[in-house]
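Asker: Please read through the structure below; I'll follow up with questions.
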Amino acid sequence: MFNELANLSFNPNGILGPGFSFSVDLFRLLYMGIIILSWALSLMFTPRYLKPYRNKTRYYVFTIVTLIGTLGVFASGDLFTLFCFFELMSFASYVWVAQDERKESLKAADTYLYVAVIGGLFLLMGIVLIYYATGTLNINELSNAYMHNLDKKEYITASAICMFIGFAAKAGAYPVHIWLPKAHPVAPAPASALLSGVLTKSGIFGIMIVGFYVMRHVKPFGIFVLAIGLITMVLGAVLAVFSVDLKRTLACSSMSQIGFIVTGIGANIIPMVSENGDLYAGDSMALLDGTILHMMNHTLVKMAVFLVAGVVYQNTHKLNLNEIRGFGRKKPFLATSFLLGALSLSGVPGFLGYLSKTLLHEGLIEPGFGSFTGLIEWTFLISGGFTLCYMTKLFVALFMEKGAAEYDNKNYMSFVQRIAVLIPGILLLISGISLIAIMNGHASTLSLLLEKAGFGELHHISFLSFEILKGAFISIGIGVVLYFFLVRLVLMDDEYKNLWPEWLDLEELIYRPLITRILPLILGFFARALDQCMDAFIILLRKTLFRDKPISEARLEGNALTHVVGYAVDYRRAMKEEKDYVPYDYEKKLNIKWMELQENVKIAKRSMSFGLILACIGMFAMLSFILVNMFL
Amino acid sequence: MITVWKLNEALSLSYRFDDFSRIFLLLAAVLFTAGFVYSLSYMKEKEHKARYYTFYILLFSVICLMSLAANFITFYLNYELMTLLSVPLVMHDGTEEARVAGFKYLFYSFAGAYCVLFGFFVLNKYCEDMDFIYGRQIDLSTIQGHEGLVLFAVFMMILGFSVKAGMWPMHAWLTKAHPIAPAPASAILSGVIVKSGVAGIIRVVYYIIGADFIRGTWVQYTFLSLTLITILMGSTLAFFEPVLKRRLAYSTISQISYILFGIALLNDEALKGGDLQFLAHGFAKCALFLIAGIFIHVTHEDRVDKMLALGRKYPFITFCYLIASLSMIGIPPTGGFIGKWYLMLGSMNAEIRVFSVLGAAVLLISALLTAGYLLPLGLKGFFPGSGYLVVTTGESVSKLEAIPVAILTIMALLVGIFPGIFV
């Protein structure tokens, strides 16, 4: 996909078996820079936010471990390395979700862990399958793996689907998105920003590897990914509009934006047909650039808006829109920071989000999906409209409407927090304007550098022409209409209402019953039957062949031998000793010993395995007999 | 090769140090030392200490001798001695339940031994000698016409040794004997004694018969099916089991069959995975049993759902528990992961038709179940949620108990990080 800049293999003393290898290209470097920036912003924000809470050390330690894991994922040169760091990241970030230790946090953390474990297992299965099919795990060598190994294409397809499930579970694509709307609201805000902004992108990165390297130009797979992306995009957007919880809205919005990115990847996998009907192997650079830029756009936006949500929460300790209404009134700084992010996410011209969405839009209509082109394009535009709609809803509720409570307008956030909240918004604006300037056709050093590093020819689009702006304005128009007719009329009277039916929850409806009840029930039934079968066989033998008698309660009081010997010893002692000798009752003592022995024998006889041993002796004797007859 | 005693040309007691001895000796030495140090504190209040330590030391010496055995008869002799010497450890508490468990263990072992003995008699006729030499193949010309019998004998030996290894259908003693023994004794039982059955199978398959002889025969397929059934059965039952030590015993059944699966695949990668799993499971499971002893001691509870918030009072021990659990599940960079990785690669590369993918899938389903039954205790320890009740008695954990646990956990990690050193 991109030209490799450097790679490093690392295998001293067979560390971790196959060993680690790292590889870096411009895209990865750029994104690793954004990761480090995001972590810095989040850590700047954290001290004030976590002030009233316990267990801070735990939070910081695992934040750093997660950073190592995430950087490792983006730097990995082979799938084995990627898997190791991916698991490290998944497990370390569990602490974020469970940090609060409230009941709902723990439940969300459970979901998160289950999804992480199951996703990890799918991923591992996929990696093993692809290693079997191609004999390599190096990401660059996996390029076009499907086309080069057509004799094992079933294995590669299975592997790609397994890996896709594993990565999609982390990215939050439908139908394995279930952890996303649950985990983000309960994690501390600086952690939700990273969960939503960065961690989901590691899943996206994985999907890119599967799509752009392994399954490049495999049409059915591309359509599959595209469909998943479209569903996620619409579903996330609708959920976000219906939600009345600030962070849940943002989480669902993340899902929707992930859908945009996955759609971009899916469309890019599909081979394009040129005008004279030949299959031509070039990728749509517009789509690729749009996908990558949208990843970065989304990371920065979510850093900004989740941190703003963090400011709200650290002052009010509430997230329900009805309870925090009007928190942002007379806080122009906070409003600006939020607005910058919201505008970029909605794709308002001038911001990075406009650029990325336009490129995606152009890329989607360019290859031509026949009669589906219109459907895809309008799904895309309407989802964009929903984006504007729910961001407006949040902005109006937080910064414009008047709420019941009065809020402190001075010391609601620290100075460092102000910097952390503002930086992403500023970056979005600057990068948007400068990139539009570059890509409008003005070749510059940056664009040359990008081209050299393998971004291909930068897509030169005149971003400010009417044709191009039209898409953005249709989306914005849909958003405005949706806001006034759906949100203001249907979803609120005095308060914001959540009209989304409670029971319509994929997790509660299908996954939890399946994993916690139905599967264990079936497995458990067979396992118990198997567990008991040997013992049952022995009981059967005892009841039939060995004619087991029930235990008699009466105990034997010694036998003839013990009576005689005991009596004899007693008698002898009595003869030898003086007159005042009190006879020591050897007879009784021997009898007791005899009884104990009998009891042990009884336990031995009644133990089930005694039957087993008898059966085995019998078998052994029989086989020996056959042997002797055969060979002697 | 050192020959200690010779009855005749065919029967001699001789010892040799080879690759597999190294692995087994390392495991036995670390586990027995750790268990011994742990016992110093754990057994302080218990009765019959002299008996316990005597049999403990005797058992250790016999196991060392067994791992060094150079031919089958030496191995078998020490194997049987080990069975007899370990019974007093199982029966240590002296209650009726303990005695029943001890007898069950003894008789199941005898039943296995008869099967092994039968196989030995047959093989002795067809092999020129029963020395352990890696990679030797049985001479096909001498067994011409009797392949069926020899295969059957090999299968009986595998079945016989699998009694110790807790493979279905001969696993029932394990869940009785492990929970009833004192914690260090169950750690040894689960870490080393159970492995002796694995050692027996490896010795027979790779050092006497040769893998080629049984590759693709009904023996391999039956063996594979039995191991896969056991893996799933053990994990599922552990998932349902509320009593901590019995849950660990079921977990042993499942995990040992990972190793057996690696042997049954009959290729080098899988054997490497099996060896790594052999070590990783030994260290991690031993650590888990020792930790279970501590937990049961400080809470006076034996059910998992009653043990809450242990991470608050005993963060270090609970952390070790989590690391050992991760190794059981197979999460990098622990030993369990590397073992499972090679097992899966071996499974894919083995020529066993549908079992290839099926085996890998079963390993993963079992890993999921393992996560389900091991992680909650550790995670609830650190994240008990609000309003939990402190159930611990508040006693501090002796250093003599904490240090062995720490060392075992570190070993489980080292196996994962530097597998090249071990195997």
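Asker: Just need a number here: residues in segment B:308-335 that are within 19 Å of B:Phe422 (Cα to Cα) and away from every other protein chain (no Cβ under 14 Å).
Answerer: Residues in segment B:308-335 being within 19 Å of B:Phe422 (Cα to Cα) and away from every other protein chain (no Cβ under 14 Å): 1 in total.
Asker: Go through segment A:16-38 and give me each residue that's under 22 Å from the mean Cα position of the chain (by Cα) and among the charged types (D, E, K, R).
Answerer: Selection gives A:Arg28 alone.
Asker: Determine which member of the set B:Glu128, B:Glu97, B:Glu80 is within 11 Å of chain A (Cβ to nearest Cβ), at negative phi and out of contact with any His (no Cβ under 6 Å at 6 or more places or on another chain). Working first, answer last.
Answerer: Numbers: B:Glu128 fails: within 11 Å of chain A (Cβ to nearest Cβ); B:Glu80 fails: within 11 Å of chain A (Cβ to nearest Cβ).
Going through B:Glu128, B:Glu97, B:Glu80 in turn, the sole match is B:Glu97.
Asker: Also: Which numbered condition trips up B:Leu358, out of (1) farther than 25 Å from A:Tyr59 by Cα; (2) away from chain A (no Cβ under 14 Å)?
Answerer: Only one criterion is unmet by B:Leu358, namely (2).
Asker: Based on what the data block shows, is A:Asp585 out of contact with any Phe, Trp or Tyr (no Cβ under 6 Å at 6 or more places or on another chain), on the phi < 0 side of the Ramachandran plot, more than 9 Å from chain B (Cβ to nearest Cβ) and modelled with pLDDT under 65?
Answerer: no
Asker: Sticking with this structure for a sec: For the list (1) over 26 Å from B:Met130 (Cβ atoms); (2) modelled with pLDDT under 90; (3) among the hydroxyl-bearing types (Ser, Thr, Tyr), I need the number of the one condition that B:Tyr56 fails.
Answerer: (2)
Asker: Can you confirm whether A:Thr111 is more than 8 Å from chain B (Cβ to nearest Cβ), closer than 16 Å to A:Ala169 by Cα and β-branched (Val, Ile, Thr)?
Answerer: yes
Asker: A further question follows. Answer with yes or no whether B:Ile338 is of a type outside the set (Gly, Ala, Ser), within 11 Å of chain A (Cβ to nearest Cβ), assigned to a loop (DSSP other than H, G, I, E, B) and under 20 Å from the mean Cα position of the chain (by Cα).
Answerer: Spelling it out, it is not the case that B:Ile338 is of a type outside the set (Gly, Ala, Ser), within 11 Å of chain A (Cβ to nearest Cβ), assigned to a loop (DSSP other than H, G, I, E, B) and under 20 Å from the mean Cα position of the chain (by Cα).
Asker: For segment A:501-513, indicate whether the set of residues that are surrounded by 15 or more Cβ atoms within 10 Å (Cβ to Cβ), of a type in the set (Ser, Thr, Tyr) and within 14 Å of chain B (Cβ to nearest Cβ) is non-empty.
Answerer: Yes; the residues of segment A:501-513 include at least one that is surrounded by 15 or more Cβ atoms within 10 Å (Cβ to Cβ), of a type in the set (Ser, Thr, Tyr) and within 14 Å of chain B (Cβ to nearest Cβ).
Residue by residue, here is whether (1) hydroxyl-bearing (Ser, Thr, Tyr); (2) assigned to a helix (DSSP H, G or I); (3) not assigned by TED's automatic domain parsing to the domain that holds A:Asp110 holds:
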position	(1), (2), (3)
A:Tyr146	yes, yes, no
A:Thr157	yes, yes, no
A:Ile165	no, yes, no
A:Tyr174	yes, no, no
A:Pro181	no, yes, no
A:Lys201	no, yes, no
A:Arg216	no, no, no
A:Phe221	no, yes, no
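Asker: While we're here: Can you tell me which residues in segment A:492-510 are over 28 Å from the mean Cα position of the chain (by Cα), modelled with pLDDT under 75 and of a type outside the set (Asp, Glu)?
Answerer: Across segment A:492-510, the qualifying residue is only A:Met492.
Asker: Quick check on A:Leu30: is it of a type in the set (A, V, I, L, M) and away from every other protein chain (no Cβ under 12 Å)?
Answerer: Numbers: of a type in the set (A, V, I, L, M): yes; away from every other protein chain (no Cβ under 12 Å): yes.
When the stated conditions are applied, A:Leu30 passes them.
Asker: Which residue, of B:Ser186, B:Ser225, is among the small types (Gly, Ala, Ser), farther than 30 Å from B:Val30 by Cα and at pLDDT 90 or above?
Answerer: None of the other options fit; the residue is B:Ser225.
Asker: Any idea how many residues of segment B:199-217 are surrounded by fewer than 21 Cβ atoms within 10 Å (Cβ to Cβ) and of a type in the set (Ser, Thr, Tyr)?
Answerer: 2
Asker: Tell me whether segment B:102-116 contains one or more residues that are in contact (Cβ under 8 Å) with a residue 12 or more places away in the chain and away from chain A (no Cβ under 14 Å).
Answerer: no
Asker: Could I ask something else about it? Any residue in segment A:612-623 that is more than 8 Å from chain B (Cβ to nearest Cβ) sitting within a Cβ distance under 9 Å of a residue that is buried (at least 18 other Cβ atoms within 10 Å of the Cβ) and modelled with pLDDT under 70? List the pairs, counting only those 6 or more apart or interchain.
Answerer: Note: no pairs meet the criteria.
Asker: Quick one: count up the residues across segment A:34-90 that are under 19 Å from A:Leu137 (Cα atoms), free of Cβ contacts under 8 Å to residues at least 40 places away in the same chain and of a type in the set (D, E, K, R).
Answerer: Matching residues across segment A:34-90 total 1.
The values are calculated or read from the model by the stated rules, or taken from the named source; none is laboratory data. The structure presented is a predicted model; accordingly, all values stated were derived computationally and were not measured. Cβ coordinates were reconstructed from backbone atoms using ideal geometry, including for glycine residues, and neighbour counts include every protein chain displayed.
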